[in-house]
1. Examine region 264-277 for a residue that is under 18 Å from the mean Cα position of the chain (by Cα), more than 22 Å from P118 (Cβ to Cβ) and not acidic (D, E), and state whether such a residue exists.
2. When you go through V166, V184 one by one, which is the residue that is over 21 Å from P36 (Cβ atoms), open to solvent by 10 Å² or more (accessible area, probe 1.4 Å) and modelled with pLDDT of 90 or more?
3. In this structure, is F37 modelled with pLDDT under 95 and more than 30 Å from G159 (Cα to Cα)?
4. Condition check: closer than 25 Å to D72 by Cβ and either of a type in the set (S, T, Y) or assigned to a loop (DSSP other than H, G, I, E, B) (or both). Does P238 satisfy that?
5. Name the single residue, out of those in region 64-105 being in contact (Cβ under 8 Å) with a residue 60 or more places away in the chain and among the acidic types (D, E), that is surrounded by the fewest Cβ atoms within 10 Å (Cβ to Cβ).
6. Just for helices (runs of 4 or more DSSP H) wholly inside region 1-118: which have at least 3 residues that are at positive phi?
7. Does R160 qualify as being closer than 30 Å to M1 by Cα, surrounded by 14 or more Cβ atoms within 10 Å (Cβ to Cβ) and of a type in the set (D, E, K, R)?
8. Are there any pairs, at least 6 apart or on different chains, whose C-beta atoms fall under 9 Å, with the first in region 275-299 and farther than 14 Å from R215 by Cα and open to solvent by less than 20 Å² (accessible area, probe 1.4 Å) and the second part of a helix (DSSP H, G or I) and among the small types (G, A, S), and if so, which?
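The values are calculated or read from the model by the stated rules, or taken from the named source; none is laboratory data. All of these numbers come straight from a predicted model, not from anything done at the bench. All Cβ positions, even for glycine, are placed from backbone atoms using ideal geometry, and neighbour counts span all protein chains on display. Heads up: the accessible areas ignore ligands, DNA and RNA and are worked out on the full protein's heavy atoms, side chains in. Shrake-Rupley method; radii C 1.70, N 1.55, O 1.52, S 1.80 Å.
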Amino acid sequence: MLAQTAVAPTELAIRSWNQPRAMARMPFDRGADNAPFWVMLRADLHAALKAAVLRNPMIEYREGLALERFSDDGEGLSLHFQNGAETFRTQACCVIGADGQHSQVRRLMGDARDLDRPGWEAWRTLIAADQVPDFIRAAATNLWLGRDSHAVHYPVAGGRLVNLVVIRRSLDASANWSRVGDPVGLADLAAQAAPTLRELMQQAPSWAVWTLRDRAPSPFLARKAAALIGDAAHPVLPFLAQGAAMAVEDAAVLALCVPSAEASNRGAIEAALARYAGMRAARVNRVYKAARANAFNYHLPPVLAWLRDRRMARLGPDGMRQRYSWLYDWRVPVDGR
């Protein structure tokens, strides 16, 4: 199902905001034992995951329940949910919080820190691929770097749509996570853009604006019989495009660590979750810091931007690829390390 909606870009092409020619390229290699690099709509990923859940007879799926609290008697957990006036209670051997940036599980585990607001917002739109030039709908990711702004676009939905995201600095970014954007807010950026990028922005049928927020990884990736994955544990800025990927990695490592049903006593569960946290902590912290660093590197003033661009050009495709091998060459550590 994922293969039907994903697109496998062959490269990342990096351009200056007002220059159409790529100044650097990074190939997305796929060796004999490598999985493809895929891009897709988040809704398509969610739909595929939900379909897999519904096919599994061992999973009871419920919607619309908000976790209110959970208690731990040392043997098991009691979870209390609410849906309006309705309450629901269930017992569990452990709880995994995959409940996003505002995770209630994280707060109940003892991490009540608020999100940081670094001062960026993302303007997102989807454009029909048959309305854009060939190179824009080609299987590649394009990154345009500007002063206090950048844009990225790539095909999604099996190539039928082009996802365009424009990031701009906004020190007074709304506290609302998502809202409808007025194109007038991008008029100045569009006027300074290369013609191809400007025309693409003008093709947008509508804009959704997301205030970007992050937070350093939780010190409690796991605590006793509770653990966190994805944005609940480590919400990151999108400047490495790895937020959803980190959640998938978390889930893969967690699945590797959890004991079989026959061995799922309390001690084994706590040891498994602690092992998961130990295997993930360094990597998610590195991704968080690298995404933060790109918030600076992507949006430099002219002189520093020129030096950055020269350095990328000197690295060449192989050098660019090697620079990020730590990120893209990660594999599930089947040997437990």
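1. Checked region 264-277: no residue is under 18 Å from the mean Cα position of the chain (by Cα), more than 22 Å from P118 (Cβ to Cβ) and not acidic (D, E).
2. V184
3. In short, no.
4. no
5. Among them, the one singled out is E75.
6. none
7. For R160, the condition - closer than 30 Å to M1 by Cα, surrounded by 14 or more Cβ atoms within 10 Å (Cβ to Cβ) and of a type in the set (D, E, K, R) - is met.
8. H299/A305
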